[in-house]
Amino acid sequence: MADKRKIRIREVGPRDGFQSWPEFVPTEQKLEVIRMLIDAGVQEMETTSFVSPKAIPQMRDAAEVLAGVPRAGCIHGPLVPNLKGATLALDNGADKLVVVISASDAHNLANVRRTINESLSDLKAIFELARQHGKPVVGSMAVAFGCPYQGDVPEDDVFRLADAYITGGAASVVLADTTGMATPPRVIKLVKGYARRFPETPYSLHFHNNRGTAMANLYAALEAGADTFDAALGGIGGCPNVPQAAGNLATEDVVYMLEDMGISTGIELEAIIAAARLLETIVGGPLPGQVIKC
Ligand code: COA
Ligand code: ZN
């Protein structure tokens, strides 16, 4: 029998989810959720972000979170918006860095208060610092499928930013539909275009569900050959700089669908559902994920 197809999941709930929750989730509760995620089999995580506490107060405990997480079996890659964030993340023990730049100037200005070119001017120093620490860098691209301010984002702009990341030395790239504007044909086109241009550099897809298309987009990408997806426990998440932000694909929903399709995720369904239930208790309300409602 052929080997089971394997898909990697990058859990982004502890960063994308807790950053967008209106109230600050206490550090110990964040850690409880992270422990359950790792126990369920999550092997890579955006554990927190080293960003300005004025911009995102929910992430002000980044150093404490990183200090408190189990290290075995899981790669912890905090998100960083600039050189200061990269320095703090590495000084606090990050296993890798997830640098974020938007594919549109309008969203980059809203998110990190700089043009794309200004953000790119930091990249060389970030890559150099990561190299000195022997840590890989992920190049994450917000609004790769559409910008809430600008509308369509030309493919050339996406590939130009991917090229800057990869030329700089990124180990992988994240193509994020920050705004949930993607639909399956757009996803297939971008995935195939990316794979043709950058066949050596792995990529992950990050789908938000603002318009209900996230799972269809995942399936389309899967058929087009993608093998890594971002997902967030319970389906929480959202960019603070996107009006009407909605959640990510729920990790437990993705695990349910893929495992039922005979695709291995490395994550145990019952355990990830238990983690989602804990999260529901912590945030005190129903989460967007569907599987836990069954
Ligand atoms: N971590 C912690 N503090 C940081 C920081 C970082 N990565 N980068 C800057 N700061 C601090 C500076 O030290 C300075 O502090 P001070 O006021 O005590 O002197 C303050 O923030 C302002 O610095 P400045 O470089 O002028 O930043 P800014 O006000 O232009 O904001 C960002 C730029 C990038 C720091 C801010 O917009 C940000 O953190 N954005 C993150 C957005 C985000 O996480 N979005 C969701 C994920 S995609
Ligand atoms: Zn996101």
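The values are calculated or read from the model by the stated rules, or taken from the named source; none is laboratory data. Keep in mind that this is a model prediction, so the values were computed, not measured. Cβ coordinates were reconstructed from backbone atoms using ideal geometry, including for glycine residues, and neighbour counts include every protein chain displayed. For accessibility, only protein heavy atoms count, side chains too; no ligands or nucleic acids. Shrake-Rupley method; radii C 1.70, N 1.55, O 1.52, S 1.80 Å.
Quick rundown of the values:
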read-out	value
Tabulated pairs, the stretch 259-273, first touching a residue at least 12 places away in the same chain (Cβ under 8 Å), second hydroxyl-bearing (Ser, Thr, Tyr) and open to solvent by 30 Å² or more (accessible area, probe 1.4 Å), C-beta under 7 angstrom, 6+ apart or interchain	LEU269/TYR256
Exclusive hit being open to solvent by less than 10 Å² (accessible area, probe 1.4 Å), closer than 21 Å to VAL173 by Cα, more than 15 Å from ligand 2 (Cβ to nearest atom) and part of a helix (DSSP H, G or I), set ALA226, ALA221	ALA221
Long-range neighbours under 7 Å by Cβ, at least six apart or interchain, first residue at positive phi and among the aliphatic types (A, V, I, L, M) within the stretch 14-40, second in a helix (DSSP H, G or I) and within 16 Å of ligand 2 (Cβ to nearest atom)	none
Qualifying positions in the stretch 65-79 - assigned to a loop (DSSP other than H, G, I, E, B) and open to solvent by 20 Å² or more (accessible area, probe 1.4 Å)	PRO70, ARG71, ALA72, GLY73
Residue ID - farthest from ligand 2 (Cβ to nearest atom), chosen from residues in the stretch 5-48 that are part of a strand (DSSP E or B) and over 21 Å from PRO288 (Cβ atoms)	LYS6
Single residue of TYR256, TYR203 found to be open to solvent by 50 Å² or more (accessible area, probe 1.4 Å) and not acidic (Asp, Glu)	TYR256
Scan of the stretch 158-174 for residues that are open to solvent by less than 10 Å² (accessible area, probe 1.4 Å) and either β-branched (Val, Ile, Thr) or within 16 Å of ligand 2 (Cβ to nearest atom) (or both), ordered by number	VAL158, VAL173, VAL174
